[in-house]
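The values are calculated or read from the model by the stated rules, or taken from the named source; none is laboratory data. Worth saying up front: this structure is predicted, and the values here are computed from it rather than measured. Counting neighbours? That spans all protein chains shown, and the Cβs are built from the backbone with ideal geometry, glycine included. With ligands, DNA and RNA removed, areas are computed over all heavy atoms of the protein, side chains included. Shrake-Rupley method; radii C 1.70, N 1.55, O 1.52, S 1.80 Å.
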Amino acid sequence: MKRLYVLLMLGAAACTANFEEFNKNPYQPDNDEMQYDGYITSSALKGMQNMLMPEAEGISQYVDCLMGGCWGGYAADTNPGMGWGGRYATYNPSQAWINIPFNDPISQFYPFYLQLREVTDDEILLAVGDVCRVGVMQRVTDTYGPIPYSQVGEASTLNSPYDSQEEVYTHMFAELDDAIAVLSAHSLESFSAKADALYGGDIVKWVKFANSLKLRLAMRIVYADPITAQRKAEEAVSDAIGVIRDNSDNARRAISRTNPWDFFINQWGDARVSADIVSYMNGYRDPRREFYFTTSTFDASTGVTNGWFGVRNGIEQQRYLNSKETMDCYSRILVRASDPVWIMNAAEVTLLRAEGALRGWSMDGTAQELYERGVTLSFEQWGASGAAEYLANGEYTQEAYADPLGNYSYEGIPSTCTVAWESGGGFERNLERIITQKWIANFPMLGVESWAEYRRTGYPRLMPVPHNMSGGVVSDSEGARRMPYPDTEYTENAENYMRAVQMLGGRDDMATHVWWDCKNN
């Protein structure tokens, strides 16, 4: 398709020079490799699975670390040496940065998706491909709102029509339902492990992942369409195979070369841990800190007692004496080159069920039972001890953020939400508790997901950025609600672009709420 070819070129242009080997898609076959029996289907499936949580630098760095990480409260960009002209953290990203979350997933996913549909009629493989499409494109629609979806791959022209976000979600639910039905019918079988980087061809695990994704989507739309949200959530949990309930079913992918976050955090110094999550976990005395963060390395002359210290998101980096070494003293996200890429975990799924139960839905457990089980699963995932004591603590709350160097301390009142469940705490109090713990459990790679949940619920309570460079567009209290469309959509897809803006109420900026972002927070 002409549009896909154009987007492929745009995606390639977004990659940083001098990293050709790192940016080469390991699943893209050359002409000779495509001749091997079954290689083309395996390559296509693995290429789609790779996009569920991208490994390529051009998209992982900007989308998951610098956009989702900053807006989701996990990371703060800290590389003054890069000389970025605009930043997500300060709400003034450049056009190049605006392009990446839109163009790169489309250009890097759909060639594999369309290729698979051309070369096989195996309903198992096609169903897995559809599950991957929902997982990838949910991140795109949650970032922008209306997107091209139902007609991608059908038109033979440069222009791609948009679906409203409500229509996108309707299509995604339908595709998941169809895929779950097909895969469930083949649950006693398997497919080639060479075609599956997540579950080694285990169809039952794919059904659990698809149902868990369906549950995630259902909870996302609860304020926009509560009836559909409840129906789809209960379908996912009551399904004969059901959702992810144990860490052995977590969706994760081994790294083909080097975990990209190791480059961003350890080698390039793009980001440090956000003060938001550190202030919560320090306040809670959370035992997972030693698995999440490195300790700070401030010189004794500063008078700082080293521990876990994050950086305030949206700082003026030059204020730190224009010194990368000074910035390096703050805690880093603890990630190693060999670490897998996480896509979905049992803790998140169980805490989604906890929210459903809090709303009175049938989730196979009470809200308190599922909340405590979700937190325990996170502890188990990371090998941390002390979950029972942590869950019993009704005293500790988020601590106020005091910048060790005194530049960006925050005087706002911290959250008073504790860890221990409050039977009489009321709906919002316990909702904040569930979302906060889900946010902690999804650290560090699921920042895009956590940003969406922050917009949907208002939790956790994140600090406003000290340098809002949006020119008055983004309010300090709300933060960024979406990304504006790339300029290329206005210049090359103008008619469809204007329809999309109409779907958004006539505004295409970072203050515009997407369809499901309608709670009065």
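Would you please report the Å³ per residue occupied by the convex hull of the alpha carbon atoms in the chain? If you can, show how the numbers build up before the last one.
Numbers: hull volume 72.6 nm³, N = 521.
Measuring per residue, one finds 139 Å³ for the Cα hull of the chain.
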Options PRO460, THR488, GLY360, ranked by Cα towards positive dipole end of the chain, top entry (Cβ charges): PRO460
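Quick check on the stretch 193-279: take the gyration tensor over C-alpha atoms, sort the square-rooted eigenvalues as a ≥ b ≥ c, and tell me if it's rounded (a/c under 1.5), prolate or oblate.
Values: a/c = 3.11, a/b = 1.36, b/c = 2.28.
Oblate, because a/c is 1.5 or more while a/b does not exceed b/c.
Placing +1 at every Lys and Arg Cβ and -1 at every Asp and Glu Cβ, with all other atoms neutral, what dipole size does the chain have around its Cα centre, in debye to the nearest 20? Don't skip to the end; give the middle numbers.
Numbers: 43 positive and 68 negative charges, 168 e Å.
Dipole about the Cα centre, nearest 20: 800 debye.
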For the stretch 396-467, rounded, prolate or oblate, judged on the Cα gyration tensor with a ≥ b ≥ c (square roots of eigenvalues), a/c < 1.5 rounded, else prolate if a/b > b/c? oblate
In debye, nearest 20: dipole of the stretch 444-521 around its Cα centre with unit charges on the Cβ of K, R (+) and D, E (-)? 380
Under 5 Å from the placed amide H of MET344, counting only residues 5+ away or on other chains, we find ALA251
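Working out 0.36 nm times the residue gap between ALA96 and ASP299, then minus their Cα-Cα distance, what length gain in nm do you get to one decimal? It would help to have the intermediate numbers written out before the result.
Values: separation 203, 0.36 × 203 = 73.08 nm, distance 3.74 nm.
My answer for the length gained is 69.3 nm.
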Starting from a Cα-only point model with no solvent, please compute log10 I(q)/I(0) by Debye for the stretch 267-320 at q = 0.14, 0.22 1/Å. -0.42, -0.99
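Could you tell me whether the stretch 155-209 comes out rounded, prolate or oblate from its Cα gyration tensor? Rule is a ≥ b ≥ c as square roots of the eigenvalues, rounded for a/c under 1.5, then prolate if a/b exceeds b/c, otherwise oblate.
Prolate shape, in that a/c is at least 1.5 and a/b is the bigger ratio.
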Filtered pair list for the chain (Lys only, Cα < 25 Å, 8 or more apart or interchain) has a length of 21
Kindly state, to the nearest 0.05, the FRET efficiency for TYR490 paired with SER409, given R0 = 45 Å and r defined as their beta-carbon distance. 0.65
Loop sites in the stretch 104-184: GluC sites (Glu not before Pro), DSSP, at most 13 other Cβ within 10 Å: GLU154
Cα-only radius of gyration and Dmax that characterise the stretch 310-390, units Å: 18.7, 55
For the chain, what is the mean residue ellipticity at 222 nm derived from helices alone (per DSSP H run of n ≥ 4: -39500 (n - 2.57); sum divided by total residues; nearest 500 deg cm²/dmol)? -13500 deg cm²/dmol
Tell me which of VAL304, ILE244, ALA254 sits at the most positive position along the dipole axis of the chain, charges placed on C-beta atoms (Lys, Arg +1; Asp, Glu -1). VAL304
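Suppose every Lys and Arg Cβ carries +1 and every Asp and Glu Cβ carries -1, with no other charges. What dipole size does the stretch 260-352 come out with about its Cα centre, to the nearest 20 debye? Mind dumping the intermediate values first?
Values: 9 positive and 11 negative charges, 30 e Å.
Its charge dipole is roughly 140 debye.
Quick test of the membrane-span-like rule: which DSSP H helices of the chain reach at least 24 Å along their long axis (C-alpha atoms) with mean Kyte hydropathy at least -0.5? Let's see the in-between values first.
On the way: long enough: 95-119 (36 Å, -0.10); 123-144 (31 Å, 0.58); 165-185 (30 Å, 0.26); 203-220 (26 Å, 0.37).
Correct list, ordered by number: 95-119, 123-144, 165-185, 203-220.
For the chain, which whole percent of the accessible surface, found with a 1.4 angstrom probe, sits on carbon and sulfur atoms?
49
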Highest mean first, what order results for 52-59, 138-145, 346-353 on Cβ atoms within 10 Å? 346-353, 138-145, 52-59
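Using a probe radius of 1.4 Å on heavy atoms only, what accessible surface per residue do you get for the chain? Whole Å² is fine.
Numbers: 19250 Å² over 521 residues.
Result: 37 Å² per residue.
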